[in-house]
Amino acid sequence: MNSFTPFQIGPFTCTPIDAGNIWLDGGAMFGVVPYTMWSKAIEHDDRLRIPMTMRCLLIESSETGHRYLIDNGIGTKYDAKRCDIYGIPFGQDPLMDSLAQAGVDPADITHMVFSHLHFDHCGGTTAWNADQTSLEHRFHNATFVVNQRHWEEANNPNARETASFLCDNIAPIGDSGKLLTIPDDHEFEPGFDVIVIDGHTIGQQLPRLTNGTRTMVYAADLFPTVHHVPVPWVMGYDMRPTVTLQEKARLCAESVKNDWIWFMEHDAHHTFMTLDKDERDRYIGIPLAASELPFHGGNND
Ligand SMILES: [Zn+2]
């Protein structure tokens, strides 16, 4: 279990929350990039899977008192066989362990914000009850926040994306009576909005926080690892890879210009990165240690 130190962006106290590791097929993670190349960038196991993590983000606002949780991992609903496929430990609950470590009761979360509803981002919303007969919500006081266009997509997926949208995850969110679907230009509160992109899936939202000087963006599945910054390194999972290319070009340029920090949801080794260009004028990800964050001190707004 990683332990994380909170950092401060304006009125927002941010705490990384560890929802556990997951091992995913390296070929699928790097799309058209050949094995000979991606295997030099990142290690893999004997099943050709690369280590990933599911790093959520707790955002506590001193302005509104809201406690937002961004994504909640894959959850605990998988049986032993599926856990083995994804290399996740059966019978463990790292999300709840990590929240407890941060001193947060799930009932304290006011807004469960989903970057999108693929299974490794929203599986922690519910869990089976003791005798495995029904699903129980775990964030009893939370509003569930999903991009409007993404909610429509998740409920009417194309044949290729169907496997990523699991009914056990999505139906309870729809049935909760607490679903809030938001437009692309939604602002949660001053200093906290979202960037919405469509290449990976329609209506993926990347939470963005600013203290007026520096900005941090939650990378979600735009940059699953620091190795996904170069333009052709696009996941095979992306529904619209050519749209991802355009989105990466636009956001890389904006990021370099404004010196954004990226919070990495899936990179097993790096929690933060910045972007830069290499000697051949290509965008690259530069890992950033927590000690190098410009947000230290808790009073930098
Ligand atoms: Zn995804």
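Structure summary
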| quantity | calculated |
| --- | --- |
| Scan of the stretch 211-222 for residues that are away from the ligand (no atom under 12 Å from the Cβ) and either open to solvent by less than 10 Å² (accessible area, probe 1.4 Å) or hydrophobic (A, V, I, L, M, F, W, C) (or both), ordered by number | 216, 217, 218 |
| Condition met for residue 198 (surrounded by 15 or more Cβ atoms within 10 Å (Cβ to Cβ) and touching a helix residue (DSSP H, G or I) at 6+ places or on another chain (Cβ under 6 Å)) | yes |
| Residues satisfying the stated conditions in the stretch 22-42, i.e. in a loop (DSSP other than H, G, I, E, B) and within 21 Å of the chain's Cα centre (by Cα) | 31, 42 |
| Count - residues of the stretch 191-205 that are of a type in the set (A, V, I, L, M) and within 12 Å of the ligand (Cβ to nearest atom) | 2 |
| Answer residue from the stretch 125-145, given it is of a type in the set (S, T, N, Q) and away from the ligand (no atom under 16 Å from the Cβ) and is farthest from the chain's Cα centre (by Cα) among those | 133 |
| Filter result for residue 117 (touching a residue at least 24 places away in the same chain (Cβ under 8 Å), within 23 Å of residue 193 (Cα to Cα), under 18 Å from the mean Cα position of the chain (by Cα) and within 16 Å of the ligand (Cβ to nearest atom)) | yes |
| Options 83, 122: the member that is more than 16 Å from the ligand (Cβ to nearest atom) and not aliphatic (A, V, I, L, M) | 83 |
| Matching residues, the stretch 234-270, being surrounded by fewer than 16 Cβ atoms within 10 Å (Cβ to Cβ) and farther than 24 Å from residue 37 by Cβ | 250, 253, 254, 257, 258, 259 |
| Scan of the stretch 191-215 for residues that are closer than 18 Å to residue 273 by Cβ and either free of Cβ contacts under 8 Å to residues at least 12 places away in the same chain or more than 14 Å from the chain's Cα centre (by Cα) (or both), ordered by number | 209, 210, 214, 215 |
| Flag for residue 153 being within 16 Å of the ligand (Cβ to nearest atom) and charged (D, E, K, R) | yes |
| Sole residue being open to solvent by less than 50 Å² (accessible area, probe 1.4 Å) and polar (S, T, N, Q), chosen from 155, 141, 169 | 169 |
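Yes/no matrix, rows are residues, columns are (1) among the basic types (Lys, Arg); (2) in contact with a Gly (Cβ under 8 Å, 6 or more places away or on another chain); (3) open to solvent by 30 Å² or more (accessible area, probe 1.4 Å); (4) outside any strand (DSSP E or B):
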site	(1), (2), (3), (4)
14	no, no, no, no
20	no, yes, no, no
64	no, no, yes, yes
68	no, no, no, no
82	yes, no, yes, yes
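The values are calculated or read from the model by the stated rules, or taken from the named source; none is laboratory data. In this text the structure is predicted, and so the values were computed from the model without any measurement. A quick note on method: Cβ atoms are made from the backbone with ideal geometry, for glycine too, and the neighbour counts reach across all protein chains shown. These accessible areas exclude ligands, DNA and RNA; they are computed on the full protein's heavy atoms, side chains included. Shrake-Rupley method; radii C 1.70, N 1.55, O 1.52, S 1.80 Å.
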